[in-house]
Structures are given as C-alpha cells and as structure tokens.
Amino acid sequence: MAIIELKDISKIYKIGKIKITALRNVSLSVKKGEFVAIMGPSGSGKTTLMNIIGLLDRPTSGAYFLNQKRVDQMKPKEQAKIRNQGIGFIFQLFNLLPRMSTFSNVMLPFTYSKNKLSYKEKKKRAFLLLKKVGLSHRINHFPNELSGGEKQRVAIARALVCNPLIILADEPTGTLDSKTSKEIMRIFRELNREGRTIIMVTHEKEIAEYAKRIIKLKDGRIVSS
Amino acid sequence: MVLFENIKSAFRAILVNKVRSALTLIGIVIGVSAVITLVAMGQGVKLGIAKEVEALGTNLLIVLPGRVISEEKGLGGIAGLAGVSTLTLDDKNAIKNEISEIQKISAILILSENVMYNDKQALPMLIGGEPELEFTNIYNLKFGRFLSDEDITNKNKVIVIGKTVADDLFGQEDPLGKKIIVNKEEFEVIGIIETETLSNIGFDANSMAVIPLSLASDIAKTDRVTRILMQAKNRDDVASAQTRIKELLLSRHNNVEDFSVLTQKDMLKMFDTILNLVTTLLSGIAAISLVVGGIGIMNIMLVSVTERTREIGLRKAIGATFGNILVQFLVEASVLSLMGGGIGILISFLVSILISKITPIIPDITFFAIILAFGISVSIGIIFGIAPAIKAARKDPAEALRYE
C-alpha cells in the first residue's frame, strides 16, 4: 500500500561541461498516512528529491510510482493534473499571490481543475478549510496584511483544497519563529491524524521530530530511513 | 468560466501599476484613434459627396473630353480638363436627335473672362450655356429668368449670374436689368442663381455666370464645347443612354474614344476610388503607431513575466499547464491593448466632433469602424503578447520557485 514508491532514482544536472549528481540511486517507499521528515545538509539533494516527488522535476533515471501509477514519464499535461488534484505544496516562502485575497488564494487550485464542482461548492470547501486552520476572520485580507504564521496557514488551506493524496512541505517553518512554528506543526500533526500523508523537508531537528519517520540524506544518498 | 478568471487576473495585474500601464497604452491609443478618425473622415467625405452628387439632379449624364475613367481599375489622366476639347456642338445635336432616352440636353463652353460693373471686377466661372441647363438642380434660379431659346438664336447679350458674383459686383444694389461688361461688350443681367455650395465635390454655382452658348462660341472662336450635360427620361434609361451615346460619339469620332460618358454613379465611383486610396494611405501611416504600441506592450509584458517568475512557478506547481499560463498572459496582453483601443475610440469620437466643428468635413464613425478598432486591438495584443506568453509558459516550475 505504498502511496509513493521511488525505485533507483538518480538526478544528474549538466551545467555546460560539468556534471552534478544531485541524487544517486535513491529508493524510497512511503505508505498512506505516514508523516515523513527528510533531513540532510545543504547539497544533500533533499530539495531535488522533493521536486521529483512533487513532479516539478524529472529523474534522469529510475522510476516513480504515485498511488501505484508510474508518473515520472507521463506527459506534462497529465503531470499538471496530478499536481493539481493529487499533490498539495507548502513552501518555505509561502508563495501566496500578493494581489489576491486570502479567499482567492485558497481558491486558486480550482482555476486549474476541470472538476464539476459548482462555484458554491468550491466556495464552501474553501471556507471550511480556512475555518479549519483558524483563519475565518482573515478571509478578505491580502497577504501583506497577514503575519508569517497566518500566511503559512493560508498556504496549508490552499494545499488541501483539492483533497490531495499527499502533502509536500519544503521547510514549512523556515521563516517562522518557534512559537508560530509549533502552531504550524500542530496543524500538520492534526492533518496526519486525519489520515493525510505528509512529506516534509526540514533541517531543524525539533521540527523533524513531529514526524513519525525521519529519512536522512547525504550527498544524494539515503543514509538512514 | 476560465476566460473570466483570466480577465479578472489581467485587470488585477494591469491596475497594480497604473502609471506603467497607462504609458504602455499610449501607442495603441494614438494608433487606434488616428486610424479610426481617418477612416471616419474618409467615410464622412464619401457620404457628403454622395449626397451632393445626388443633389446635382436625377438621372444625369455628362460627356467630358478625354478619358477620365479607364477600363482598368484606377484613373486615367484627368486629361481634357486642360487643352482643346474633343467635343463639338454637332456632337450634342446628334445626341439630341438620335438618343431617345434623353429628355433634356445642354452643351456648355467654359470661357475665362472677367466681368466688370462700373469699377468693380470679378472673375467668375464664365460659361456659355443653353436654356435646358435649368434642369440640373445646380443652376437654381432665384430671381429673374434663365436663358431662352430666343436668346440663343438671336445671340442676345444677356447673362445670368451667381449670388457671389452679384454680391461682388453690385453689393446691395439689385443686379437685374443692369449692364455688366464681358469681353468689352455690355451684357444685361437677366437672372440670379443661388444655390448651396457643393464643397465636397468642389463645385460652387454661386461663382458662375452663364451667357448664351452661341455668343460664347463666337467669343472663343470655336465650335467646340467643353461639356455636354443631359438628363435621361427615367432611371432605367440611364444605362442604355450611356451605352448608346458612347456608340454614337465613337462613330462620330472615327472610333477614337477621346471622351468619357459618365453617369452620377460613375462620378461617385471615381470619387470613392480616390478617397479610398487616400484614406488607406493615411491610415497605413497611422498604423505605424500601432506597431510601436504593440512593441510597447511586448516590452512591458516581458518585464512583467520576469517579475512574476515565482508566481508562474507557483501556478504550475498547483496544476497550471503550459497552455494555462500561455492563455493567461495572452489575455493580459489583449486586455491591455483592448483598453487602449477603447480609449482610442473615445478619443476619435471627440476628435471627430472637433473636426466637424472647424472644417466642412463631417466624420462618420460607422459600426464597422468600431468593430475594426476592437479587432485591431485584440490582434495587436495577441501578436505582440505571444512572445512574452511563451516565455512565461516555458518556465520550469522548480527553477521559477527558486527565483529571488
């Protein structure tokens, strides 16, 4: 019941004549409902690994199965669909669109989904998620009016709006103070308790400990999982 | 729906930096308003001419010397307006006798003489004419009488003058019955013509003076005539009259087509051809600013794409395809240039009102012109927006998200 299966993934970048091997023969299996933290020093390849799992990058060799389907060689349009419906992203720098309100930001993934939900239903779902992350009172505010923690909570709501299979978080607490970080991690833990599969990259040990499993990377290889 | 979302997003992006957007629009605004105004002016003049050609009278035909309209598209030389005419009084008589479709006919001979009253001089368009000239609406007799058959036969020294000529020579005095000097002879003023100036086709009967043709022929010492004006019995006769007159004159002129037989329709076509040419030429020049405007849009869009690299990366991360991003930025460019087009049309309305107040031209902005303007605007947006849109759509999401 592996929801994510990576088999022998390698990623090699070519910059001119120089070859950089970001990942070497990485194999990894994540079951549904797991909460995994990926740790490692800079250059260990953790961001590259996240990008491949998130279908933002293609492996140079190896295979990636998401929910038992081989996805690394799918056409760009199909991969875009999976990113929309199957994967929820949370970034270190939040990446909210600055000219849109909280509500519009959370609704954004719906713009690219071809599902048959009515506007009313979409609105209802967005409101529900915003309530869940405690931001019902900030629905019409703009990102520049929100604190870091609030912005990340908007991002979480956005990541959940299409009910994805997995949540991918890249240093979600990287720019937040310890109190806010704890709040965010509490939300993550709550989501995991509800059955969400979460994969998180972090370099902070205290944050990684919220997860149930820690995978350590070094020089593009898994050294412990 | 998707397009609506894109349009909303486009407005958001445009309104973020109002000054920048406004500057970008200037080229399009100027281009569209210039093109629309020019087209409207051309249309207005065309309408004015059509009205005036119709006002000349009904079922008219005219024979001129020289080939004015050649068989191929385009205009032959407007020859025969200078130089010796190829038409004679006998030509006119032949037409009168043999072409049954014609009910009224008059030849005219254009002279260049000045006329004098006491110490005042005037240089009207002096023509020798015949009584039947009256059928054409342009010689609107206001006072007195027109030439009579007797005037022609007896070569009476009588003259009919236009209002402007009357004012110049007589001021407040009543001209009727007075004698003015033409070619050192005394002519009695028997009638006054007053009519509306046909400014669009450049014809002003108020500056004319008419003496009997027989007398004019003597003064000019020629049996030639400058024009033959005719009126057909009814509308349906015009076409056949034109053909038959042409045949008749050809046979009289040794099969040399050194004349033109024109109907009012032909006149209109002639003016239309000239006007279309001028309008197209000028609009083409105005369209250059559209290209400049388009380049402005392309420039700003390229900057915008770079500025929003992270946004593009994010949109792709949450499921936008190459096509989604492409359309988003194309819509943005099109909305921008449509705004320019809209403003351009408003300005051309204002300019048209201004033009109609200070010149005799009344620009006519047709529905077609407005559609044209919007069509041009959207096209500019798409053509000049495609390169930045492709640049945006091509961005690699992973890289884009890392962008500072």
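Consider B:Ile347 carefully, then state whether it is among the aliphatic types (A, V, I, L, M) and more than 14 Å from chain A (Cβ to nearest Cβ). Yes. Being of a type outside the set (A, V, I, L, M), under 28 Å from the mean Cα position of the chain (by Cα), in the same structural domain as B:Tyr117 (by TED's automatic domain parsing) and part of a loop (DSSP other than H, G, I, E, B), is that true of even one residue in the stretch B:222-237? Looking for residues that are of a type outside the set (A, V, I, L, M), under 28 Å from the mean Cα position of the chain (by Cα), in the same structural domain as B:Tyr117 (by TED's automatic domain parsing) and part of a loop (DSSP other than H, G, I, E, B), one finds at least one in the stretch B:222-237, hence yes.
If you go through the stretch B:1-53 and keep only what is within 14 Å of another protein chain (Cβ to nearest Cβ) and of a type in the set (Gly, Ala, Ser), you end up with B:Ser9, B:Ala10, B:Ala13, B:Ser21. Scanning the stretch A:163-181 for residues that are among the polar types (S, T, N, Q) and not in a loop (DSSP other than H, G, I, E, B) yields A:Ser178, A:Thr180, A:Ser181.
If the condition is being more than 8 Å from chain B (Cβ to nearest Cβ), of a type in the set (S, T, N, Q) and over 22 Å from A:Leu191 (Cβ atoms), then the stretch A:85-121 contributes A:Ser101, A:Ser104, A:Ser118. Only one of the listed residues (B:Gly144, B:Gly128) is surrounded by 15 or more Cβ atoms within 10 Å (Cβ to Cβ) and within 30 Å of B:Val261 (Cβ to Cβ). That residue is B:Gly128. Taking the numbered list (1) surrounded by fewer than 15 Cβ atoms within 10 Å (Cβ to Cβ); (2) at negative phi; (3) of a type in the set (Gly, Ala, Ser) in turn, A:Gly195 passes all entries but (2). For the stretch B:18-45, the set of residues classified as surrounded by 15 or more Cβ atoms within 10 Å (Cβ to Cβ), out of contact with any Asp or Glu (no Cβ under 6 Å at 6 or more places or on another chain) and not aliphatic (A, V, I, L, M) consists of B:Ser21, B:Thr24, B:Gly27, B:Gly31, B:Ser33, B:Thr37, B:Gly42, listed by residue number. For the stretch B:312-330, enumerate the residues that are within 13 Å of chain A (Cβ to nearest Cβ), touching a residue at least 40 places away in the same chain (Cβ under 8 Å) and surrounded by 22 or more Cβ atoms within 10 Å (Cβ to Cβ). Those that are within 13 Å of chain A (Cβ to nearest Cβ), touching a residue at least 40 places away in the same chain (Cβ under 8 Å) and surrounded by 22 or more Cβ atoms within 10 Å (Cβ to Cβ): B:Ile312, B:Gly313, B:Leu314, B:Lys316, B:Ala317, B:Ile325, B:Gln328.
Filtered by the rule that a residue be modelled with pLDDT under 90 and assigned to a helix (DSSP H, G or I), the stretch B:250-266 gives B:Gln264, B:Lys265, B:Asp266.
Exactly one residue out of A:Leu165, A:Leu135 is away from every other protein chain (no Cβ under 13 Å) and either β-branched (Val, Ile, Thr) or in contact with a strand residue (DSSP E or B) (Cβ under 9 Å, 6 or more places away or on another chain) (or both): that is A:Leu165.
Can you name the residue in the stretch A:55-84 that is facing chain B (nearest Cβ under 8 Å) and part of a loop (DSSP other than H, G, I, E, B) and is also surrounded by the fewest Cβ atoms within 10 Å (Cβ to Cβ) among such residues? Per the criteria, the residue is A:Asp57. Filtered by the rule that a residue be under 36 Å from the mean Cα position of the chain (by Cα) and part of a loop (DSSP other than H, G, I, E, B), the stretch B:142-156 gives B:Arg145, B:Phe146, B:Leu147. For B:Ala209, the criteria (1) over 33 Å from the mean Cα position of the chain (by Cα); (2) in a strand (DSSP E or B) hold in every case but one, which is (1). Screening the stretch B:293-308 for residues that are within 14 Å of chain A (Cβ to nearest Cβ) and crowded, with 19+ Cβ neighbours inside 10 Å and picking the one that is nearest to A:Met100 (Cα to Cα) gives B:Arg308. Closer than 26 Å to B:Asn200 by Cβ and assigned to a helix (DSSP H, G or I), is that true of B:Ser348? Criteria met by B:Ser348.
Considering only the stretch B:322-364, state which residues are over 29 Å from B:Val45 (Cβ atoms) and of a type in the set (Asp, Glu). B:Glu332 - this is the single residue of the stretch B:322-364 that is over 29 Å from B:Val45 (Cβ atoms) and of a type in the set (Asp, Glu). Looking across B:Gly144, B:Gly191, B:Gly177, one residue alone is in contact with a Gly (Cβ under 8 Å, 6 or more places away or on another chain), at positive phi and in the same structural domain as B:Ile110 (by TED's automatic domain parsing). It is B:Gly144. Residues in the stretch A:13-54 that are within 24 Å of A:Ala169 (Cβ to Cβ), touching a Phe, Trp or Tyr at 6+ places or on another chain (Cβ under 9 Å) and either part of a loop (DSSP other than H, G, I, E, B) or among the hydroxyl-bearing types (Ser, Thr, Tyr) (or both): A:Thr48, A:Gly54.
The values are calculated or read from the model by the stated rules, or taken from the named source; none is laboratory data. Everything quoted here is computed from the prediction, not taken from an experiment. Glycine gets a Cβ as well: all are built from the backbone with ideal geometry, and neighbour counts include every protein chain shown.
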